[in-house]
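My structure is below; once you've seen it, I'll send some questions.
Each value in this text was obtained by applying a stated rule to the coordinates, not by laboratory testing. All values reported here derive from a predicted model rather than from experimental measurement. Cβ sites come from the backbone with ideal geometry, for glycine too, and all protein chains shown count toward neighbours.
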Amino acid sequence: MYRIGFGLTASYCTIKAILEQIKILVKDGYDVIPIVTDTLVEFDTRFQTAESIIKDLEEITSNKVITDIVEAEEFGPKIPLDLMVISPMSGNSLSKFCHAHNDNAVLMAAKATLRNGNPCVIGIATNDGLGLSGENVMKLLATKNIFFIPFGQDNYQKKPNSLVAHFELLPKTIEKALLREQIQPVLRDYD
């Protein structure tokens, strides 16, 4: 059984879709360790409350949600993960990850996983993916052991810079990433 760290960042409108994918991973036999950023723990939104996100994650995975850097650092040499997922990954977290900042549990767990030579899978959800965040996407696409869930423009007419992963492709992306392969094509339509 593979142990997967599953980091969620503050792209609140996509959390429900992500929870459905986590259910599939658990059903497929993965041991999923949920990890969240401080923002998900602290803020309620029009989409759901912070408490409900934590409750849902713990019920789905049967694991305690990791919320702080000290706990996440254990995923280095002490309790290594086979793979780390960050999905949804907001533009803010994308920028921090791309520039090696690790000021929250999700980014610390990802850093620890990469340090161990294991893959990280990214599912972006940012309104700025084709704007200033675009260079971060490109840099990470070319980085060893980082794999992307295929993504595209989710609403090019109203949000022309927005990029969102095709979250339903997460299980296939993980299968490929465990083999150190990027699922193709990476860029896909939303039509």
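Based solely on its DSSP helices, what 222 nm [θ] is calculated for the chain when runs of n ≥ 4 H residues each add -39,500 (n - 2.57) and the sum is averaged over all residues, nearest 500 deg cm²/dmol?
Calculated from helices alone, the mean residue ellipticity at 222 nm is -10500 deg cm²/dmol.
Charges only on Cβ, +1 for Lys and Arg, -1 for Asp and Glu: so what's the dipole of the chain about the Cα centre, in debye to the nearest 20?
Charge dipole of the chain: 500 debye, to the nearest 20.
Amide H of ASP28: which non-local residues (sequence gap of 5 or more, or other chain) have their own amide H closer than 5 Å, using H built in the peptide plane?
Distant-sequence amide H within range of ASP28: zero hits.
Mind sorting LEU178, LEU25 by how few other Cβ atoms lie within 10 Å of their own Cβ, fewest first?
Going from sparsest to densest Cβ surroundings: LEU178, LEU25.
May I pose another question? With a ≥ b ≥ c the root eigenvalues of the C-alpha gyration tensor of region 145-191, is it rounded (a/c under 1.5), prolate (a/b larger than b/c) or oblate?
Prolate, since a/c reaches 1.5 and a/b exceeds b/c.
Counting C-alpha atoms alone, how compact is the chain: give Rg to one decimal and Dmax as a whole number, in angstrom.
When restricted to the Cα atoms of the chain, Rg and Dmax are 15.1, 47 Å.
Taking amide H atoms as placed 1.01 Å from N in the peptide plane, list the residues 5 or more away in sequence, or in a different chain, whose amide H sits under 5 Å from that of ILE33.
ILE4, GLY5, PHE6
Moving on. Apply the membrane-span-like helix rule to the chain: whole DSSP H runs, Cα extent along the own long axis of at least 20 Å, mean Kyte-Doolittle hydropathy at least 1.6. List the helices found.
Length and hydropathy pass: none found.
Based on the alpha carbons, how large is the Rg to Rh ratio for region 95-191 when Rh follows Kirkwood?
My calculation of the ratio gives 0.97.
May I pose another question? So which of LYS16/LYS159; LYS111/LYS139; LYS111/LYS144; LYS23/LYS159; LYS16/LYS55 end up more than 18 Å apart by C-alpha?
LYS16/LYS159; LYS23/LYS159
Just add up the charged neighbours of TYR2: K/R +1, D/E -1, any other residue whose Cβ is under 15 Å from the Cβ of TYR2.
Result for the local shell: +1.
Just flag the trypsin sites (Lys or Arg not before Pro) in region 99-152 sitting in loop per DSSP whose Cβ has no more than 12 other Cβ atoms within 10 Å.
Loop-located and lightly packed - LYS144.
Taking 8 Å as the Cα distance limit and 6 or more residues as the minimum spacing, I'd like the relative contact order of region 3-178 as a percentage.
Taking the mean separation of contacting Cα pairs over the length of region 3-178, I get 22 percent.
If packing is taken as the average number of other Cβ atoms within 10 Å across a peptide's residues, how do 82-88, 155-161 rank, most packed first?
The densest-packed peptide leads the list: 82-88, 155-161.
A further question follows. Amide H to amide H under 5 Å from SER11: which residues, 5+ apart in sequence or cross-chain, H placed 1.01 Å off N in plane?
Result for SER11 returns SER90.
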